[in-house]
Amino acid sequence: QVQLVESGGGLVQPGGSLRLSCAASGSIFSIYAMGWYRQAPGKQRDLVAFISSGGRTNYADSVEGRFTISRDNAKNTVYLQMNSLKPEDTAVYYCNTDPSTLVPWGQGTQVTVSS
């Protein structure tokens, strides 16, 4: 079963950038579609970016054009490049598989966008 460890969060000013990483254990990582999810205080956890096993990507409207998801199957890692960050991007960010095949969640990584 896949186990997930997120990293790369932090405090950044509006307009800044961060790159999140998600390291996945398991030799069959390459067959999984992967997504980045986020959960702000008092809100539900939402999928914001998705990448298929073949590299096809999809984004929530709120991050389209600012965030880029990518994956390196040789390193069992999925990334989220976040540019032009806004205060409303503040949340705990998690990676996981396709919403229909979720595995146990990792601890997430906190992203705070504030001046």
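The values are calculated or read from the model by the stated rules, or taken from the named source; none is laboratory data. All of these numbers come straight from a predicted model, not from anything done at the bench. Cβ: placed from backbone, ideal geometry, glycine included. Neighbour counts: every protein chain shown. Quick note on the areas: whole protein, heavy atoms, side chains included, nothing else; ligands and nucleic acids left out. Shrake-Rupley method; radii C 1.70, N 1.55, O 1.52, S 1.80 Å.
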**Item:** Considering residues of the range 86-115 that are more than 14 Å from the chain's Cα centre (by Cα) and at pLDDT 95 or above only, the residue surrounded by the most Cβ atoms within 10 Å (Cβ to Cβ)
**Value:** Val113
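If you go through the range 1-52 one residue at a time, how many are aromatic (Phe, Trp, Tyr) and closer than 21 Å to Gly65 by Cα?
Filtering the range 1-52 down to residues aromatic (Phe, Trp, Tyr) leaves 29, 32, 36-37, 50.
Next, only the ones that are closer than 21 Å to Gly65 by Cα stay: 36-37, 50.
Counting residues in the range 1-52 that are aromatic (Phe, Trp, Tyr) and closer than 21 Å to Gly65 by Cα gives 3.
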**Item:** All positions within the range 22-62 that are within 18 Å of Ser100 (Cα to Cα), open to solvent by 80 Å² or more (accessible area, probe 1.4 Å) and either touching a strand residue (DSSP E or B) at 6+ places or on another chain (Cβ under 7 Å) or part of a loop (DSSP other than H, G, I, E, B) (or both)
**Value:** Ile28, Gln44, Arg56, Asn58
**Selection from the range 1-21 of residues that are open to solvent by less than 60 Å² (accessible area, probe 1.4 Å), of a type in the set (A, V, I, L, M, F, W, C) and at pLDDT 95 or above** = Val12, Leu18, Leu20
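Residues Tyr79, Tyr37, Tyr59: which one is modelled with pLDDT of 95 or more and within 14 Å of Gly106 (Cβ to Cβ)?
On the way: Tyr79 fails: within 14 Å of Gly106 (Cβ to Cβ); Tyr59 fails: within 14 Å of Gly106 (Cβ to Cβ).
Answer to the selection: Tyr37.
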